[in-house]
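Read the structure below first, then the notes.
None of the figures in this text is laboratory data; all of them are computed from the coordinates on show. Here the structure is a predicted model, which means the values were calculated and not measured. Virtual Cβ from ideal backbone geometry, glycine too; neighbours counted across all protein chains shown.
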Amino acid sequence: MHAKGGPPLGHVLSRTAARAQVHLLALSALPPVVADSADRLCASVVTADAQRCDLVSLIVSRARAVGADAVLTFSEYAVVAVAEACGTLGLAGSGKASALARDKRLMRRTWREHGLPQPEFRSVATEADLYEAAGALPFPMLLKAAWSAGSTAHQIIHSPYEVSTAWRRSREVMAESAQLGYAELHVAEAQGHFVVEQIVTGTASDWFDEPGWGDYVSVEGVVADGTFHPVCLSGRMPTVEPFTERAGITPALLSKDAQDRVVALARQAVDALGLRDCGTHTEIKLGADGEMWLIETAARFGGAMTVPQIEEVFGLDLVGMLVDHLLGRRVEWPERALTPAQARGAAGSLVVLAVDGEGEAWRDRKVWDFPAVAKDVPLSRGSELSVVAESSLADGSVVPVYDPAAGANTMAALCLLSATDPRTVLRDFETLVDALPRVLPAVRPEEVSA
């Protein structure tokens, strides 16, 4: 079942179709660059309006009509609906606990019950709730939508005087995101659910041997028959304020001991949620002296190019492996999380935002032009840069102004880089970020007004 978000549709469709006959139920328009291949790869393609139907009933009805042996989605916004449909159909899926991996309020409550390390938090449903939380948590604090993805509606609140403005803006962003199709598709009231958290201090220098890495990592994995199988770790560049992701790099360049400790915490987090059969993506904040805090766990594979990166670097087709598992075939999952020593080079994905390496907005408006980027940005020997067309604006489009509250909603493009090692990916991305405002063409006045 296709909805916005998650790995590129073209990638997951081709890998799924290689293992089974595919019937595609599309809840959002197919990217133009994928539409033709979808018709070729799928036995059927049906488009439906998720806003005008009972989504679970729609999935169940369609699954029965085609005699489905498995139902899966790679979109964060459809995870709960698909899990409930699988339960009704008696098929393998993430299970009744799927909502715990979507609703950040339930997720944090569950982790608190299990005594796992995480930021202090309060659930928020009204402006009054937010004021009450502001009196209990230290400033600054982070307000985030409980069902969002891509750092959407994240806002840092520095004082009580900012509470009302932050509350109003976050609700506006969630409404705007829903119009764009980036919102929970099954829980009608999800737009009104928020959580506010203590901001913990990360320290990348205690974990990485060289500067430039972000202070958090993600553990990519899968749950099969209720057992968690970690696959590998992905590192990050520092986020853009407030906490918008700029780049993910596979593998994360941690020592074996550090990786083992991170994986152990991810296992506790996933086990606490009680998931059954699904991909997982667990983000963990790294602090001084080995301290860690859980950020979130998703009951699906990581978004952007995380899955293609793993396939390129470690030779694992996670999509195909999950399809095989859901269909009852035997799958050999890694015995333990793979390390940088087992990697064949490295790969990373960069979200193009109109901010420089220091997080400052570009001085001038620019036009997205990947051929100019590929031609004029000097990369390391052996590095290869490409653009993910289905996740990017067309060449000639005006790059959106970065909006901290809107997060990834204001991205212009998604680029994929392959290189000899993680350090080279990181350095080439730093070069790319610095070069973009220089190599991209300036917009004409009429383009800005349009």
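Points worth noting:
- Residue among GLU291, GLU189, GLU176 with the largest mean-square fluctuation in a Gaussian network model of the chain, springs linking Cα atoms under 10 Å: GLU189
- Paramagnetic label reach from LYS375 (point 7 Å along Cα→Cβ; backbone nitrogen cut-off under 18 Å): within region 402-442, residues 435-442.
- Paramagnetic label reach from ASP356 (point 7 Å along Cα→Cβ; backbone nitrogen cut-off under 20 Å): within region 189-216, residues 212-213.
- Taking other C-beta atoms within 10 angstrom as a stand-in for reagent exposure, SER164, SER349 fall in the order SER164, SER349, fewest first.
- Positive-end residue of SER177, THR227, VAL200, charge dipole of the chain with Cβ unit charges: THR227
- Lysine-lysine proximity count for the chain, Cα under 23 Å, sequence distance 8 or more or distinct chains: 9
- Summed side-chain charge close to SER418 - residues other than SER418 whose Cβ falls under 15 Å, Lys, Arg +1, Asp, Glu -1: -1
- Pairwise FRET efficiency - GLU241 versus ASP209, Cβ, R0 = 22 Å, nearest 0.05: 0.30
- Using θ = phi - 60° and Karplus 6.51 cos²θ - 1.76 cosθ + 1.60, couplings along region 118-135 (whole Hz; Gly, Pro as x): 7, x, 4, 8, 9, 6, 9, 10, 9, 4, 4, 4, 5, 4, 5, 5, 5, x
- For TYR402, the residues whose modelled amide H falls within less than 5 Å of its own, excluding neighbours fewer than 5 places apart on the same chain, are ALA354.
- In region 9-91, taking the dipole from charged Cβ atoms about the Cα centre, the farthest positive-side position among SER57, GLY67, ALA81 is held by GLY67.
- Neighbour net charge for PRO31 - beta-carbon separation under 14 angstrom, K R +1, D E -1: -2
- For the pair region 202-232 / region 391-450, the C-alpha centres are spaced 25 Å from each other.
- Max mean-square fluctuation residue, GNM over the chain, Cα-Cα springs under 10 Å, options GLY279, GLY328, GLY348: GLY328
- Calculated SAXS-style log₁₀ I(q)/I(0) at q = 0.22, 0.26 Å⁻¹ - region 120-198, Debye, Cα scatterers: -0.93, -1.24
- Size descriptors for the chain (Cα atoms only): Rg and Dmax, in that order, 21.0, 59 Å.
- Charged side chains reduced to their Cβ positions (Lys and Arg at +1, Asp and Glu at -1) give the chain a dipole of some 840 debye around its Cα centre.
- Rg to Rh quotient for region 201-344, alpha carbon positions, Kirkwood Rh: 0.95
- Only Lys, Arg (+1) and Asp, Glu (-1) charged, at Cβ; region 120-198 dipole about Cα centre in debye: 120
- Farthest towards the positive end of the charge dipole of region 390-450, among the residues THR410, PHE429, VAL399, is the Cα of PHE429, using unit charges on the Cβ of Lys, Arg, Asp and Glu.
- Fewest-first ranking of MET305, MET237, using other Cβ atoms within 10 Å as the exposure measure: MET237, MET305
- Compared with the alpha-carbon gap, the fully stretched path from ASP129 to SER61 is longer by 20.5 nm at 0.36 nm per residue.
- Estimated at 0.36 nm per residue, the fully extended path between ALA341 and THR227 surpasses their Cα-Cα distance by 38.5 nm.
- Under a 5 Å amide H cut-off, with hydrogens placed 1.01 Å from N, MET292 pairs with GLY287 among residues at least 5 apart or on other chains.
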